[in-house]
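Here is the structure we will look at, set down as structure tokens.
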Amino acid sequence: MTILAQLIIAISIVIVWVFRFDNIVIEFKQYGLSDMIRSMVGASKIALATLLIVGIFYKEVVFISALLMAFLMLCAQIAHIKVKNPFSKYIPSFLLLILSLFVAAVESGLL
């Protein structure tokens, strides 16, 4: 289950940050965040997604990667709340937050 969650997180990040980047540009403008912040967040998410895939073979990188991804998804939730987006906008980052926490919990031995 953990590997499936890692794959879902990683593939979702790539789809959003590579193939739907135009939506990201619009959202970050709505949040009032700079292009530099957007680039840093995007690079971080893609790097962490890559580490989650690498973690299928090298378990040592999974816990920290999942925890950092969860942190970024929590930040996404806060951004949605700040601009009062409709509930439907919260769902993707919330699901990825839950999956990231699940992966971190399994890797830490809590689950």
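Each reported figure results from applying straightforward, stated rules to the coordinates on display, with no laboratory input. Model, not experiment: these values are computed from the prediction. FYI the Cβ positions are ideal-geometry reconstructions off the backbone, even for glycines, and counts take in every protein chain you see.
Figures for the structure shown
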read-out	value
Calculated [θ] (222 nm, deg cm²/dmol) that DSSP helices of n ≥ 4 give over the chain, each run adding -39,500 (n - 2.57)	-26500 deg cm²/dmol
Selection of trypsin sites (Lys or Arg not before Pro), the stretch 39-94, meeting DSSP coil and at most 15 other Cβ within 10 Å	84
For the chain: relative contact order, % (alpha-carbon pairs under 8 angstrom, 6 or more apart)	33 percent
FRET efficiency, residue 24 to residue 98 (Cβ-Cβ, R0 22 Å, nearest 0.05)	0.55
Computed FRET value (nearest 0.05) for residue 56 with residue 82, which takes r as the C-beta separation and R₀ as 30 Å	0.30
